[in-house]
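J.: One structure, as structure tokens, below. Some questions next.
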Amino acid sequence: MDPLATALLILVAALAVVAFLMQRARRRLEEVGLEAKPKTPGVGVPEPEADLDVVHPRPKVVDMHVVDEEARVTFDVALPDEPDEVLTELLLAEAVEVVREKRHTLPMSQVTKVVVYAGKGTPRRVAETTLDTPGELPPRPSVPSVLNLTTIAADPLEQQFEEPIGPVPGVEAPTGADVLPPIGRELKLPKAVETGLRALGVDPETMTATELVSGTLRLLGYRIEPGVGPGTYMATKGGTKTFIMEDLYREDGHPELEESMIRRFIVEFGQSGADRGLLVSEKYAPFQIYDWERREPRCRFLTRERLQKLVDSLALG
């Protein structure tokens with residue numbers, strides 16, 4: 001027989017054997033329920049363009065241990081003076097999840113309660129739940145958490161860069177060297193945002209403008225990381241990086257954003273490699289910021305008179 005024909009026959013035979021073995025292996029997988037299913041977007045499989053940058057924050061855990069029959073979880077959160085039922089239920093649900101994650105290393109057979117301790121400084125006992133069966137935790141809640149506002153709120157950062165450039169209608173910066181109160185005293189926060197900020201350790205009554213913005217962005221799935229320079233941060237979501245710089249107000253300082261800070265922000269944004277930049281200031285804006293925003297449309301100045309509109313733009317459902 002011709003050598004070429006012989007080689008072709010051998011190749012065909014080998015391919016047939018491979019096909020047979022693959023088919024037999026697939027049947028075995030089907031018999032034990034392990035056959036790979038087609039990857040259909042939205043059905044248990046992330047789509048190729050799924051955003052790996054989106055993160056869902058949780059209250060900071062500072063302690064977790066079992067004492068007698070109690071699994072005690074301590075959170076570093078900013079509790080209000082009066083009891084907050086929404087925040088309490090949130091912390092209780094989060095505590096159960098913390099215990100669930102640690103259950104393989106805990107003496108769960110003796111646990112009959114999950115107890116929450118929370119607060120700044122000296123944490124206090126704020127909530128507890130009794131297990132129906134010792135060691136068996138309740139199922140995960142199916143309702144969305146206020147720590148994940150991605151499905152019920154608009155993205156205020158996106159809106160900052162989509163809205164027309166210009167003064168906020170009906171809001172005027174005061175004249176004179178007035179002493180500005182803490183920003184938290186002037187803003188009206190939606191309940192979900194206030195609760196979410198407290199759970200992240202941010203006290204709405206004493207927070208800075210940057211804490212408000214970074215905390216809100218975390219609730220909306222942004223990853224917030226420290227920047228290269230002091231007072232700078234990088235917010236990442238959907239593959240887009242936003243450079244954030246803070247401009248703090250001090251009682252003995254000028255209540256208006258200074259040109260030197262504006263120029264520093266523009267320079268450091270250019271060096272950051274970010275897609276866009278946001279200067280967050282507790283001061284009022286000089287009129288010149290609108291010229292800067294027109295010249296550099298990738299930059300926005302989130303000053304005192306614009307913060308309430310930012311909060312209102314969340315449009316919580």
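J.: Counting only residues that are touching a residue at least 24 places away in the same chain (Cβ under 8 Å) and among the small types (Gly, Ala, Ser), which one in the stretch 206-250 is farthest from Lys309 (Cα to Cα)?
T.: Start the filter on the stretch 206-250 by keeping residues that are touching a residue at least 24 places away in the same chain (Cβ under 8 Å), which leaves 206-210, 212-214, 216-223, 227-229, 232, 234-249.
Now narrow it down to the ones that are among the small types (Gly, Ala, Ser): 209, 214, 221, 227, 229, 235, 238-239.
Numbers: Ala209: 13, Ser214: 16, Gly221: 20, Gly227: 26, Gly229: 28, Ala235: 20, Gly238: 23, Gly239: 26 Å.
Checking each candidate, the answer is Gly229.
J.: Something else about it: When the residues of the stretch 280-312 are filtered to those that are aromatic (Phe, Trp, Tyr) and under 22 Å from Pro230 (Cα atoms), which remaining residue is most open to solvent (accessible area, probe 1.4 Å)? First the steps, then the outcome.
T.: If we filter the stretch 280-312 for residues that are aromatic (Phe, Trp, Tyr), which is where we start, we get 284, 287, 290, 292, 301.
Narrowing the set further to residues that are under 22 Å from Pro230 (Cα atoms) leaves 284, 301.
Numbers: Tyr284: 33, Phe301: 0 Å².
Among those residues, the one meeting the criterion is Tyr284.
J.: I'd like to verify a number: residues in the stretch 125-160 that are touching a strand residue (DSSP E or B) at 6+ places or on another chain (Cβ under 7 Å), closer than 28 Å to Leu217 by Cα and not aliphatic (A, V, I, L, M), how many?
T.: Adding up the residues that qualify gives 1.
So that you can scan it fast, the table gives a plain yes or no per residue for (1) over 21 Å from His56 (Cβ atoms); (2) modelled with pLDDT of 95 or more:
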| position | (1), (2) |
| --- | --- |
| Thr206 | yes, no |
| Thr216 | no, no |
| Leu220 | no, no |
| Pro226 | no, no |
| Thr232 | yes, yes |
| Ala235 | no, yes |
| Gly238 | no, no |
| Thr242 | no, yes |
| Leu248 | yes, no |
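J.: Being open to solvent by 60 Å² or more (accessible area, probe 1.4 Å), more than 22 Å from the chain's Cα centre (by Cα) and either over 19 Å from Leu219 (Cβ atoms) or not aromatic (Phe, Trp, Tyr) (or both) narrows it down to one residue among Glu70, Glu101, Glu85, Glu89; which is it? Give the steps one after another, and end with the answer.
T.: On the way: Glu70 fails: open to solvent by 60 Å² or more (accessible area, probe 1.4 Å); Glu101 fails: more than 22 Å from the chain's Cα centre (by Cα); Glu89 fails: more than 22 Å from the chain's Cα centre (by Cα).
Every option except Glu85 fails the conditions.
J.: Now, a different point. Starting from residues that are among the β-branched types (Val, Ile, Thr) and in contact with an Asp or Glu (Cβ under 6 Å, 6 or more places away or on another chain), keep the ones in the stretch 112-125 and report whichever is surrounded by the fewest Cβ atoms within 10 Å (Cβ to Cβ). Don't jump to the end; show me each part of the working.
T.: At the first step, the residues of the stretch 112-125 found to be among the β-branched types (Val, Ile, Thr) are 112, 114-116, 122.
Filter again for in contact with an Asp or Glu (Cβ under 6 Å, 6 or more places away or on another chain), leaving 112, 115.
Details: Thr112: 14, Val115: 19.
Here the answer is Thr112.
J.: Same structure, new question: Do we have any residue at all in the stretch 291-308 that's within 29 Å of Glu194 (Cα to Cα) and within 18 Å of the chain's Cα centre (by Cα)?
T.: No, because not a single residue in the stretch 291-308 is within 29 Å of Glu194 (Cα to Cα) and within 18 Å of the chain's Cα centre (by Cα).
J.: Name every residue in the stretch 230-266 that is in a strand (DSSP E or B) and of a type outside the set (S, T, N, Q), in order of residue number.
T.: Filtering the stretch 230-266 for residues in a strand (DSSP E or B) gives 232-237, 240-247, 256.
Selection gives Tyr233, Met234, Ala235, Lys237, Lys241, Phe243, Ile244, Met245, Glu246, Asp247, Glu256.
J.: Hey, another quick one. Give the number of residues within the stretch 205-225 that are open to solvent by less than 10 Å² (accessible area, probe 1.4 Å), part of a loop (DSSP other than H, G, I, E, B) and of a type outside the set (A, V, I, L, M, F, W, C).
T.: Selection size over the stretch 205-225: 2.
J.: Among the residues of the stretch 271-317, how many are over 25 Å from Met234 (Cβ atoms) and of a type in the set (A, V, I, L, M, F, W, C)?
T.: Within the stretch 271-317, residues that are over 25 Å from Met234 (Cβ atoms) and of a type in the set (A, V, I, L, M, F, W, C) number 3.
J.: Next question, about the same structure. Scan the stretch 169-187 for residues that are at pLDDT below 85 and among the aliphatic types (A, V, I, L, M) and jot them down. Don't jump to the end; show me each part of the working.
T.: From the stretch 169-187, those at pLDDT below 85 are 169-179; that's our starting set.
Listed by number, the residues that qualify are Val171, Ala173, Ala177, Val179.
J.: Residue check: is Gly277 in contact with a strand residue (DSSP E or B) (Cβ under 8 Å, 6 or more places away or on another chain) and buried (at least 21 other Cβ atoms within 10 Å of the Cβ)? Give the derivation first.
T.: Values: in contact with a strand residue (DSSP E or B) (Cβ under 8 Å, 6 or more places away or on another chain): yes; buried (at least 21 other Cβ atoms within 10 Å of the Cβ): yes.
For Gly277, the condition - in contact with a strand residue (DSSP E or B) (Cβ under 8 Å, 6 or more places away or on another chain) and buried (at least 21 other Cβ atoms within 10 Å of the Cβ) - is met.
The values are calculated or read from the model by the stated rules, or taken from the named source; none is laboratory data. All figures in this text were calculated on a predicted structure; none of them were measured in a lab. All Cβ positions, even for glycine, are placed from backbone atoms using ideal geometry, and neighbour counts span all protein chains on display. Please note that ligands, DNA and RNA were not included when accessible areas were found on the heavy atoms of the full protein model with its side chains. Shrake-Rupley method; radii C 1.70, N 1.55, O 1.52, S 1.80 Å.
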